[in-house]
Amino acid sequence: MAGASARSRGWSSLCSLYLRVHSVPPSCGRACHGWQHSVKSRGLLCVMPSSRLPVQAQIRLYSSNEPKEGGGPTEGNAADKSTAVKAVLKKRDYGSKYMKNNFITGVRAMNEFCLKPSDLESLRKIRRRSPHDDTESFTVFLRSDVETKAMEVWGSPEAIFRERKIRKEEEIAYKENLFRNQKLLKEYKEFLGNTKPRLSTASMFLKGPGKVVMVAICINGLNFFFKLLAWVYTGSASMFSEAIHSLADTCNQALLALGISQSVRTPDPGHPYGFTNMRYIASLISGVGIFMMGAGLSWYHGIMGLLHPQPIESLLWAYCILAGSLVSEGATLLVAVNEIRKSARLKGMSFYQYVIQSKDPSTNVVLMEDAAAVLGVVMAASCMGLTSLTGNPYYDSLGSLGVGTLLGAVSAFLIYTNTEALIGRSIQPEQVQRLTELLESDPAVRAIHDVKATDMGMSKVRFKAEVDFDGRVVTRSYLEKQDIDQVLHEIRQVKTPEDLEAFMLKHGENIIDTLGAEVDRLEKELKQRNPDVRHVDLEIL
């Protein structure tokens, strides 16, 4: 009994507190049997037992999908209607009729609704911005117009479905016979001629990095041939290492030429950001090739010379060939140095920064290989000279080991710099700061977050940021382009929730379009102020 009395006092205190807060008269003697209904209506105090609360404390919460019953909170209290009920719009079922303003491209219209290009000519055409960078705007159609046209052409949705199924079966059959179709296309091209415009790869190798690589290929190929003859004649381990060195350089630079030709391919749906990284991939493989072919064979031959020394024949011809190699490798080195100096000057960078950051991987490889070649020639000639003076073949073998070590160092440097570039490193902090300040100084931007500026290679930067737009500025920008008197007239015509919905939908859609225009404007300004920025991703907070 004591516990029941305590519980009764507790509930009485809680009821008194609730009545004082909500200004409900405390004189209430009837049992609050209506709280069971409040539980069904998701009342705020549904946890309270129905036998402990007065009738006047009952609350009804209407959801948007529940019908409101007539009368007051209780049948016996119909006069008490002081509580105001907010008018809310009925929850909409967003079906197909709300998609009448959706856009659809011509390709999708023909594929999904089985239409012909001639069927689309009579439809309303709308020019929209392209979702792809560096691409002009394109034509789209209203989905409602396309659906209406499809019904006119085919008569019923079932007919459209049957036609789509037939086309799908034809597509499957085409893919099954793809090899045969490709063979036929090849025969047609051979008969009619290839009319597709091709990239001029010849002009690519007449200037810039392509020119440097082609000069290096020619000179290193000749050096390999003459060094190989000198090794056959003298049997010198150092000369063998130099021949292998020139062969490795020639093969690697041929790989660089392939990377340059592939890097200028036009982006396609499978590779939307293009093939620029092919230069870095070719340079990375080149570094690995130098390590395996050049350094590995040179070390092997040097070690074998130390273990099994052999007498060396006359080195006169070897000296002559090394002298010619020194001149030719030095000429190629000067070409690479001049090209890097010119490119670094255009970028406002020092020679050292340009090389370390591997801004031009192809020229970088030629520079490092030719620098190693010049040092290797000097090293090989010095060791061969010591062997001639002392008659000790160990000096020649040590020269081979020295050349192998030099090639290993160059290989490690190329692998490191090109790996860093392929991983995707950030641009310089001062460049990021300039891009950030440009966005923050715009009146439409309140703040920016999560800024990422990634160097994609070959002076191409991808910039990404989350932008917090100022809704007041965007709305004012929209209002400045509107007839204010007309907007005021529309506001005065709003009498019902349905009128308000129509008004807000109209202007809300236009404000969203204005926000999209602001994003386009900021992206364009970023690209104009910073030519290296090719891809901009601005996310709206």
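Using the 1.4 Å probe convention, the accessible area of the stretch 384-452 works out to 50 Å² per residue with neighbouring protein chains retained.
Extending 7 Å from Cα along the Cβ direction at residue 430 and again at residue 139 yields two label points whose distance is 5.0 nm. Packing, as the average of other Cβ atoms within 10 Å across residues, places the peptides 244-256, 318-330 in the order 244-256, 318-330, highest first.
For residue 162, what charge total do you get from the other residues with a beta carbon under 12 Å from its beta carbon, if Lys and Arg give +1 and Asp and Glu give -1?
Every neighbour counted, the sum reads +1.
Each of residue 452 and residue 481 was given a label point 7 Å from its Cα along the Cα-to-Cβ line. The distance between the two points is 3.1 nm.
If I take all pairs of Cα atoms in the stretch 301-415, what percentage of them are more than 16 Å from each other?
65 percent
What a 1.4 Å probe finds exposed on the stretch 211-350 is 74% carbon and sulfur by accessible area, rounded to a whole percent. The listed residues 167, 180, 143 rank as 180, 167, 143 when sorted by accessible area, largest first, using a 1.4 Å probe.
Looking at the stretch 474-541, the trypsin sites (Lys or Arg not before Pro) that sit in a DSSP loop and have at most 13 other Cβ atoms within 10 Å of their own Cβ are 481, 495.
When 507, 271 are compared by accessible area of protein heavy atoms, the largest-first order is 271, 507, using a 1.4 Å probe. Modelled this way, with points 7 Å down the Cα-to-C-beta line, the labels at residue 173 and residue 110 are 2.0 nm from one another. Pairs of Lys residues in the stretch 440-524 that lie 8 or more places apart, or on two chains, and have C-alpha atoms under 24 angstrom apart add up to 8. Counting 0.36 nm for each residue step from residue 262 to residue 470 and taking away their Cα separation leaves a gain of 70.5 nm. Note on the stretch 397-541: Rg/Rh from C-alpha atoms, Kirkwood Rh, equals 1.33. Direction-averaged shadow area of the convex hull around the Cα atoms of the stretch 350-415, nm²? Directional mean of the projected Cα hull area for the stretch 350-415 stands at 4.6 nm².
The values are calculated or read from the model by the stated rules, or taken from the named source; none is laboratory data. Just so it is clear, the model here is predicted, and its values are computed rather than measured. Here Cβ is always computed from backbone atoms with ideal geometry, including for glycine, and neighbour counts include all displayed protein chains. For the accessible areas, the whole protein counts, side chains as well, though only heavy atoms, and no ligand, DNA or RNA atoms are used. Shrake-Rupley method; radii C 1.70, N 1.55, O 1.52, S 1.80 Å.
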